[in-house]
């Protein structure tokens, strides 16, 4: 392995991430975007004869995954700010260019991050691997070295493993003492919380309570598995076989997360499957060069460095899973007077925002507890909610102590205007789907599958006359899911054009 290339690549990766983030925040004009995009594409074409792939299938596979997600998203009729046709086309052309030469990595990176503003934590790991591939090729050229397979694999396995080590360590040290989360958290509370949000909504409430009680019997072993699956990647570069087992472990973990919560890290799952296939055919000589004590210690050092000096910035995911679920729910009323639930898929390309806790700023109460399927980062709040056992008086006391008033009239005015405009456009017959109806099955998976509710989902059955915003609170008592409140907070009428 070439350690000079690795060190310079990590420095350049940090620089590129910082620069791209700043460029993303700039309000570039359409002409500027077109000029930069065209210039980068021309440069890629000019340089392409001098660059050759050494990691062609895997990197192209990751770029294809991200492009699939971008190209098949709905049109932005809500804010009208993102995912315009020319930007999607440029991203697609850049990905197709990667089949010819790695020089098209730069236009692809430009298209995906600053141009489309598409990077977020569900796709950041594959995107960072693509970025690391690009900078390592640049650094190898600058140093007059050939980018070896072992050097490249060291970089991407270090990045990959950090996306599990950091959340794993965050869970280990979440409480007052190490591993308190493993012993005191109640992971099974996720299932009824996800059901309240719309996951598995076709299953009756009594069945969800039954399955939750079944999960409760395996709570501590499941939490041990979560931590072990997330910490085992810390030993990836120590041994080849440990690396394979680690990848299988995190794949199973994220499939389990999807089954219980409806949260789908499909980009991570497919990236890990791709890595598993790639490593399965790794030559013995590369294995001997890549894995060992030196690589392992260096990898851990760089992951620790990333926690203090942002290089690729792996996301820390850790919280306590409470039995209290506070959700802002949107519905629409049709011209016939029938009310429909508004699932997050209908709000694409902003389905992530609408699948969590949107419109918390519309509740003008100090006692509002914001949480996504019961997540809380404060142990005392989590413990107080469990101790309340669903008693309304006790829960109100908890809300008075820990609640925050998120009310914001400016945000209300902004989103009211955006939503009214969105449904007015749909009422006028404007098409929201990018793909034709016959090809809708080609749309990339969603990150959250909160798509079911007790009422019928709105899918353009009729014109909308008003948008309704409810505050729904539910609690899992250990035996059943009880409703604490289901209150209509606000109604936005849709004016006919």
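The values are calculated or read from the model by the stated rules, or taken from the named source; none is laboratory data. Since this is a predicted model, take the numbers as computed values, not measurements. Every residue, glycine as well, gets a Cβ built from its backbone with ideal geometry; the counts of neighbours run over all protein chains shown.
Of note:
- Subset of the stretch 280-297 (residues that are in contact (Cβ under 8 Å) with a residue 40 or more places away in the chain and assigned to a helix (DSSP H, G or I)): 286, 287, 289, 290, 293, 295, 296
- Scope the stretch 320-346; condition assigned to a loop (DSSP other than H, G, I, E, B) and buried (at least 19 other Cβ atoms within 10 Å of the Cβ); matching residues: 322, 323, 342, 343
- Residue check, residue 181 in a loop (DSSP other than H, G, I, E, B) and surrounded by 19 or more Cβ atoms within 10 Å (Cβ to Cβ): no
- Yes/no for residue 469 being assigned by TED's automatic domain parsing to the domain that holds residue 364, in a helix (DSSP H, G or I) and modelled with pLDDT of 90 or more: no
- Selection status of residue 2, closer than 19 Å to residue 159 by Cα, more than 25 Å from the chain's Cα centre (by Cα) and at pLDDT 90 or above: yes
- Here the condition is being buried (at least 18 other Cβ atoms within 10 Å of the Cβ) and either under 21 Å from residue 77 (Cα atoms) or without any contact (Cβ under 8 Å) to a residue 24 or more places away in the chain (or both); of 380, 433, 427, it holds for 427 alone.
- When 358, 349 are checked against the criterion of being out of contact with any helix residue (DSSP H, G or I) (no Cβ under 9 Å at 6 or more places or on another chain) and assigned to a loop (DSSP other than H, G, I, E, B), 349 stands alone in meeting it.
- Search result, residues across the stretch 278-304 that are more than 20 Å from residue 168 (Cα to Cα) and surrounded by 13 or more Cβ atoms within 10 Å (Cβ to Cβ): 278, 279, 282, 286, 287, 289, 290, 291, 292, 295
- In the stretch 306-319, residue surrounded by the fewest Cβ atoms within 10 Å (Cβ to Cβ) [restricted to those that are touching a residue at least 24 places away in the same chain (Cβ under 8 Å) and assigned to a helix (DSSP H, G or I)]: 307
- On inspection, residue 475 does not qualify as touching a helix residue (DSSP H, G or I) at 6+ places or on another chain (Cβ under 6 Å), in contact (Cβ under 8 Å) with a residue 12 or more places away in the chain and in a strand (DSSP E or B).
- Condition broken by residue 450, with the remaining ones in (1) surrounded by fewer than 17 Cβ atoms within 10 Å (Cβ to Cβ); (2) in contact (Cβ under 8 Å) with a residue 24 or more places away in the chain; (3) within 30 Å of residue 380 (Cα to Cα) satisfied: (1)
- Only one entry of 231, 191, 215, 157 meets the criterion of being assigned to a helix (DSSP H, G or I), in contact (Cβ under 8 Å) with a residue 60 or more places away in the chain, in contact with a helix residue (DSSP H, G or I) (Cβ under 6 Å, 6 or more places away or on another chain) and surrounded by fewer than 23 Cβ atoms within 10 Å (Cβ to Cβ), and that entry is 231.
- A single member of 224, 210 is surrounded by fewer than 20 Cβ atoms within 10 Å (Cβ to Cβ), under 30 Å from residue 472 (Cα atoms) and more than 19 Å from the chain's Cα centre (by Cα), and it is 210.
- Every residue from the stretch 391-420 that is out of contact with any helix residue (DSSP H, G or I) (no Cβ under 7 Å at 6 or more places or on another chain), in contact (Cβ under 8 Å) with a residue 40 or more places away in the chain and in a helix (DSSP H, G or I): 392, 415, 416, 418, 419, 420
- Residue 120 being at pLDDT below 90 and more than 25 Å from residue 3 (Cα to Cα): yes
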